1. Considering only region 98-119, state which residues are surrounded by 15 or more Cβ atoms within 10 Å (Cβ to Cβ) and in contact (Cβ under 8 Å) with a residue 60 or more places away in the chain.
2. Search region 239-261 for residues being among the hydrophobic types (A, V, I, L, M, F, W, C) and in contact (Cβ under 8 Å) with a residue 60 or more places away in the chain, and hand back the single one that is surrounded by the fewest Cβ atoms within 10 Å (Cβ to Cβ).
3. Determine whether R60 is more than 13 Å from the chain's Cα centre (by Cα) and not in a helix (DSSP H, G or I).
4. Do the conditions hold for L70, that is, is it closer than 14 Å to G105 by Cα, in contact with a His (Cβ under 9 Å, 6 or more places away or on another chain) and modelled with pLDDT of 90 or more?
5. Scan region 287-299 and give yes if some residue there is closer than 17 Å to H232 by Cβ and modelled with pLDDT of 95 or more, otherwise no.
6. Could you check region 264-274 and list, in sequence order, the residues that are on the phi > 0 side of the Ramachandran plot and either in a helix (DSSP H, G or I) or more than 21 Å from the chain's Cα centre (by Cα) (or both)?
7. Within region 238-256, can you find the residues that are over 18 Å from Q49 (Cα atoms) and either part of a loop (DSSP other than H, G, I, E, B) or small (G, A, S) (or both)?
8. Given the structure, is A261 part of a loop (DSSP other than H, G, I, E, B), of a type in the set (A, V, I, L, M, F, W, C) and within 21 Å of R283 (Cα to Cα)?
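The values are calculated or read from the model by the stated rules, or taken from the named source; none is laboratory data. These figures come from a predicted structure and were not determined experimentally. Here the Cβ positions follow ideal geometry from the backbone for every residue, glycine too, while neighbour counts run over all protein chains shown. We work out accessible area using only protein heavy atoms, side chains counted, and drop any ligands, DNA or RNA first. Shrake-Rupley method; radii C 1.70, N 1.55, O 1.52, S 1.80 Å.
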Amino acid sequence: MTILVDKDQGILSPALVPALEDARGGGREITIGLINNMPDPALKATERQFMKLLQAAAGRRSIRFQFFSLPSVKRSPEARWHVESEYSDLSDLKRRRFDGLIVTGAEPVAPDLDQEPYWHDLTDIIDWARTNTRSTIWSCLAAHAAVLHLDRIARRPLAAKCHGIFDCETVGSDPLTRAAPAHLKVSHSRLNEVTEADLTKHGYQVLTRSAKAGVDVFARQYASRFVFFQGHPEYDALSLQREYLRDIGRYLARERETYPAVPVSYFDAATEEKLIRFEKRARHQRHPAMASELPALNLRSDIAAGSAAAVLFRNWLDFLAEDAATPLSLR
């Protein structure tokens with residue numbers, strides 16, 4: 001495959017670009033934009049995760065991948081420099097039409113989504129994407145924001161954080177889940193949810209669900225096909241571990257009041273026992289220095305089995321490629 005990573009029509013990171021001759025015969029180039037709004041510690045990891053998935057799913061296709069970020073997302077000086085130097089300006093997005101668009105969530109700072117400082121920028125992108133992409137993926141908080149803006153479906157707070165790897169099953173038949181294994185393992189990390197009852201009442205199609213985590217992937221057809229992820233199929237094996245350790249650090253530093261629960265079906269049994277013992281100590285000896293005493297962490301051996309990402313992104317690229325012959329204005 002060829003994946004060209006654009007910044008204003010240039011190659012952003014030559015080290016990420018395979019030799020052009022490897023993709024001869026791949027057909028028309030597919031254009032995909034990533035609006036990366038993830039918090040600073042996850043900014044570059046998110047780039048790599050989506051790049052890796054698209055590279056694996058591309059086959060013989062040629063993909064032009066372009067990075068953007070909402071300007072109203074608060075950034076540290078270092079992250080802001082990275083975005084300004086290596087991402088394209090959001091105004092360039094609106095001057096073009098993309099086959100596919102991926103929009104990530106952002107770390108919430110307000111109690112209500114429509115009070116977030118980036119709300120206006122995000123809803124503007126939602127409206128633009130309906131008619132200027134062939135398909136858009138809305139991830140996690142961005143999915144919740146999109147359904148709130150489109151249909152006033154409000155997300156509901158969970159009694160406890162949904163955090164771990166969950167078995168999901170396909171619902172009905174859809175091109176996005178074609179050839180999917182019986183059980184898809186998907187990472188979830190969220191404090192809120194939109195329910196299946198609310199979604200189906202407003203015409204959304206649930207594509208995958210989990211008995212424990214609820215709705216996973218759902219979709220709705222506009223001029224563009226909107227696909228919504230409540231989970232994070234793009235997460236690599238260590239993403240949940242990084243979030244868990246971050247939250248422990250915040251607890252020890254008294255930046256959060258509650259100790260984080262161990263991610264579901266993620267660490268092996270011996271590691272879970274060690275973490276439970278560490279939690280008991282941390283609650284009694286709460287101090288930032290304790291972070292250096294965390295035990296070695298080992299993941300379960302089966303966490304990647306039946307991973308949803310490979311299936312979802314291969315089928316999504318198939319959809320973009322098949323649909324590319326039809327001009328957007330005629331769809």
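1. Those that are surrounded by 15 or more Cβ atoms within 10 Å (Cβ to Cβ) and in contact (Cβ under 8 Å) with a residue 60 or more places away in the chain: F98, D99, G100, L101, I102, V103, T104, G105, A106, Y118.
2. Taking region 239-261 and keeping what is among the hydrophobic types (A, V, I, L, M, F, W, C), we get 240, 245, 248, 252-253, 261.
Add one more test, that the residue is in contact (Cβ under 8 Å) with a residue 60 or more places away in the chain, and what stays is 240, 261.
Values: L240: 23, A261: 15.
Going through the qualifying residues, I end up with A261.
3. Here the answer is yes, as R60 does meet what is asked.
4. Working: closer than 14 Å to G105 by Cα: yes; in contact with a His (Cβ under 9 Å, 6 or more places away or on another chain): no; modelled with pLDDT of 90 or more: yes.
So L70 does not fit the description; no.
5. Of region 287-299, the ones closer than 17 Å to H232 by Cβ are 299.
Then keep just the ones that are modelled with pLDDT of 95 or more; that gives 299.
Scanning region 287-299 turns up at least one residue that is closer than 17 Å to H232 by Cβ and modelled with pLDDT of 95 or more.
6. First pass over region 264-274, keeping only residues on the phi > 0 side of the Ramachandran plot: 265.
Hits for region 264-274: nothing passes.
7. Applying the first criterion (over 18 Å from Q49 (Cα atoms)) to region 238-256 yields 244-256.
Within region 238-256, G249, A253, R254, E255, R256 qualify.
8. On the way: part of a loop (DSSP other than H, G, I, E, B): yes; of a type in the set (A, V, I, L, M, F, W, C): yes; within 21 Å of R283 (Cα to Cα): yes.
When the stated conditions are applied, A261 passes them.
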